Structures are given as structure tokens and as C-alpha cells.
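Readers should treat all values here as calculations from the given coordinates under stated rules, not as data from a laboratory. These numbers come from a predicted model, not from an experiment. All Cβ positions, glycine included, derive from the backbone under ideal geometry; neighbour counts span all protein chains shown.
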Amino acid sequence: MNNLTHEQRLQRSHITLMRSAKFALLSGIMLLGESRAKSGIPTAYTNGRDKYYGKEFIDTLDEKELNFVVAHENFHVLYKHMTTWQRLWKENAQLTNMACDYVINQQIVDIDPTGELIKVPKLDICLDEKYRGWDAKQVYDDLKKNQDDDDDKQGDGDGKGGSFDEHGFDDASDMTEAERDELEQAVDQAARQGDILAGKLGGTTGRDVGAIPEPQVNWREQLQEFVQSVCAGRDSSTWRRPNRRWLATGAYMPSPFSESIGPMVVAVDTSASIGPETINQFIAEVVKITDDMPPERLHLLYWDSHVAREEVYVPGEYESMISSTKPMGGGGTDPNCVKQFVDDMGTKPELVLVLTDGFIFGDWPDFNEPTLWVSTSANKSPYGKTIHIN
């Protein structure tokens, strides 16, 4: 180790993480901006694009500890912390720095729980399993609520708190709107590059569920319209579920077909380019579907370059979905794995719903079943119908 320069040690750390299926999603981010050792930096620093590491600080770290620090700085860039949480930083810099670190540090530990590549440095860092799966705003709100009881955790009031590194929120605040847009587009492109590499290496990790936001789609309207369009020519009613409007009279009447859905596959994209907020938004849409038009049976798939997990729910179990679901993923983005999974199913679904960011590796699949796509980007499948959400 002593025979290597600071830059060589950083380069070795980058190569180690890029070659790992667990951390390959950061590969594009590592190549974005500058990443180098500098004198005069107490620990490490990022402005949302560039990553700098203090030479004296590097000397205190072993190989796995340096890997942890490098992953930490690059996750700040991947999650756009310096631009996304400007409002929180202006309100309370100390808690914002801590909140961002709590999110990242727990995720790094969860990605490599056995310490194959990383080791938490012996520093005053923000790490608490309580915040597993939370985003920075949720952690910030919790820290703020408990601030009076946790004064000893808040550092010396210099805006750093328990963060071991420095966050360039002030540099990001000086950006023009055009510069900020350019940076965010560059980060998105770098994330997609890492997504592709992670897919080739087969990277898959657990993706924890945080607070579920409000759904954006009127699923009763969308599904009624879609089911009616794809089921033209079929009977207009079904005995699968009784019509609730007639139950009060004691009559057992069939529901209109548009109010009942048979077995349904919902496939949630959990690839490396999908952040925790987007996963939670996708889950919110799934929950809303089960509220508005509960299917006869729901096959919930989490996928990246392969189907990483299948969960099956039936009426009576939908209410517990948020607490029981366990998203998995983190590799590349290939929805053809969903088609293959559906083709191999014993009981064919009546409808396939795919939620994705639309940045796929390879060709869009053409399902044999009626397919509804939900995309967070302008990208659109040439097959089936596509709904766009923010």
C-alpha cells in the first residue's frame, strides 16, 4: 500500500468498485467530473459532480475503508443531493448533511453486508438501521423532530454535524438554472451507463421501502378503459366478484367486466437507474390499483436484467402489501426477462402492467398478453399502451 501514490490508490479503489456487481451501478458516476486526491481537504468533498479526497485523510484509511469513502462520495452525486436538497440545506445545513449521510451509509453497508469490499472507517459517521430505506427528507424531518433530545449528536454547530465529509451545497447554490439542468442530465446519463454495466455483471441488491407517496394515476379510469378496449367481444359481466351495488338488496349479481380484473402481473423496474423515491412511487401506484380494482390474483415482480423476486397476493392480503413487500434489484434494465417469466407462468394473466423509467438495455418486448406500460420518462414502448408519470 505504501508503494502506491494517493492517485494510484484512488484508481485502484475505482477499479475495484467498477468490477463489482454490487457497486458497478456507480461506474458511470465515478467517471463523471474530477476524482482526485488534493492537499488541504480534511477528509473528502463533492460538489455534486467532482469528488476530492484529502491526501492526509487517504493515508489514514486501509483499502476497504477507502472503498467505502469513494462509494460514499459517488452516491452523493448519483442521488443529486447537492441540488435536490438545497431548500433543506438553507433551512438547516447541519441536519441536511447528516440526513444525506444516513441514507448513503446504510445503503453501502446493506449492499456489502459481509464486508467483502468495504469497511466502515473508524470515524464519527451517520449510520443507523432505523433509517434503512428512508430518503434524505424523511431522515431530515426525523432529526429535526428529535433535535432537542439529541444535542450530543449534532456536532459543534458548524454545519457538518456527524458527517465525516464535506458537502458542496454552497457551490451548487451558485449554479444557474441552465447549469443545474446540465449537471442533472449528465448524472442521469452516467447512471444509465452504470446501469448497463451492472446488468452485464448481474448485480442485484435489496431495495427497501420507505414512506409511500400519493399515487398519480387514476387507475379505475385507466384500467376500465384499457380492459374494455382489449376485451372487446367478451361477455360484459363476470360472476367472479359480486356486484357490490346489489348486495344490500340480497341479490347476487355479476360485476360489470370493467370493475373486475382476473390474474394480473405488475412488474416493477428496480434496476440501478431507479432511485428509492421512484420505487416508492411505483409501489404507491400498485397499492392504488388494489384499492380501486382489486385483481383476482396479483403477481408482483421486481426486475432488472432478470426477475429478482416474485410476490403473489390475493384479496384480503392487499392491505398488508406495503409492510410485507421486499423489492429486489439493482442491475441492468431488460424487460424481456419479464416477458420470459410471464411466458413460463402456468396460469396466464389477464393483464401485464410494467412500471419503468423507460431506459432499457436492448429491445422492448412484445407480450402475448394485453400490456400497459407506465414510464417516468418520455420513452415509450412500441407495444401496448404507455402512461407517463412524473
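Sort segment 324-364 into rounded, prolate or oblate with this rule: let a ≥ b ≥ c be the square roots of the eigenvalues of the Cα gyration tensor; rounded if a/c is under 1.5, and if a/c is not under 1.5, prolate when a/b is larger than b/c, oblate otherwise. Intermediate values should be presented prior to the final figure.
On the way: a/c = 1.87, a/b = 1.26, b/c = 1.49.
Note, shape of segment 324-364 comes out oblate.
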Loop-located GluC sites (Glu not before Pro) in segment 15-80, at most 13 other Cβ atoms within 10 Å (DSSP):
GLU34
Between CYS126 and residues 5 or more places away or on another chain, which pairs have amide H atoms under 5 Å apart, with H built 1.01 Å from N, and which residues are they?
PHE164
Quick calc: nm separation of the 7 Å Cα→Cβ label points for LEU4 and ASP128 -> 3.4
Contour minus Cα-Cα span, ALA186 to ASP110, at 0.36 nm per residue, comes to 24.7 nm
Under the Karplus relation with 6.51, -1.76 and 1.60 and θ = phi - 60°, whole-Hz ³J(HN,Hα) for segment 64-75, x at Gly and Pro, equal 6, 5, 5, 4, 4, 5, 4, 4, 4, 5, 6, 5
Whole-Å distance, taken between Cα centres, linking segment 374-390 and segment 278-298:
17
